[in-house]
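Novice: Have a look at this one.
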Amino acid sequence: MLTVSALHRCTDWLPLVRPRFIDVTDENVVLACQALRWELGVEIEVLPPSGMRAHPPLRGAHLYAGIAFRSAGHMRLVEAAALSVPVILAIQFPEEAWCSRSVILHEDAAFDPGIFATHLHDALRQWL
């Protein structure tokens, strides 16, 4: 939900990209994406979990970003690395195994959609 909130702060450049939410299991996230679509007129793709797809959901992506709680084990970090897709990851209250320097440096972004939106913009600036 915080990632969707962050996108609400990206109205100046969001129409220039095609956000894709993958492995969505929470109906509230689906509804929030629909609301964002309606409010901003931006197409947002929402994909439920699927074991087998014709191609990996991250193929062709310029960036993989998300905010997780305690662990990012459920995220497609291995797939992103295999496809050389840069990652922006913020974790709220990370478990010890996830307490890397990067996670600690991005701690504020895990709680503040505005900060996370700034990180997204900075990372995507070269494609905008």
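Here, each number is a calculation from the coordinates, and none is a lab measurement. Bear in mind that the values here come from a model prediction, so they are computed numbers and not experimental data. Glycine also receives a Cβ, built like all others from the backbone with ideal geometry; neighbour counts cover every protein chain displayed.
Novice: For the chain, take the alpha-carbon Rg, divide it by the Kirkwood Rh, and send me Rg/Rh.
Specialist: 0.93
Novice: Right, here's the next one. Of all GluC sites (Glu not before Pro) in the range 12-45, which ones are in loop regions per DSSP and have a Cβ with at most 12 other Cβ atoms within 10 Å?
Specialist: Glu43
Novice: Please state the charge dipole magnitude for the chain, taken about the Cα centre, from unit charges on C-beta atoms (+1 on K and R, -1 on D and E), reported in debye and rounded to the nearest 20.
Specialist: The dipole of the chain has a size of about 400 debye.
Novice: Got the relative contact order for the chain handy, in percent, Cα pairs under 8 Å and 6 or more residues apart?
Specialist: Reported relative contact order: 27 percent.
Novice: Additional query: Please report the orientation-averaged projected area of the range 45-101, defined via the convex hull of its C-alpha atoms, in nm².
Specialist: Dividing the Cα hull surface by four gives the mean projection, 4.6 nm².
Novice: Alpha carbons only, please: Rg and Dmax for the range 2-61, in angstrom.
Specialist: 12.0, 35
Novice: Looking at the chain, which longest stretch skips every one of the trypsin sites (Lys or Arg not before Pro) that is in a DSSP loop with at most 15 other Cβ atoms within 10 Å, leaving the sites themselves out?
Specialist: The reported range is 71-128.
Novice: Here's something else I'd like to know. Please tell me the relative contact order of the range 54-105 in percent, rounded to the nearest whole number, where contacts are Cα pairs under 8 Å and at least six residues apart.
Specialist: 41
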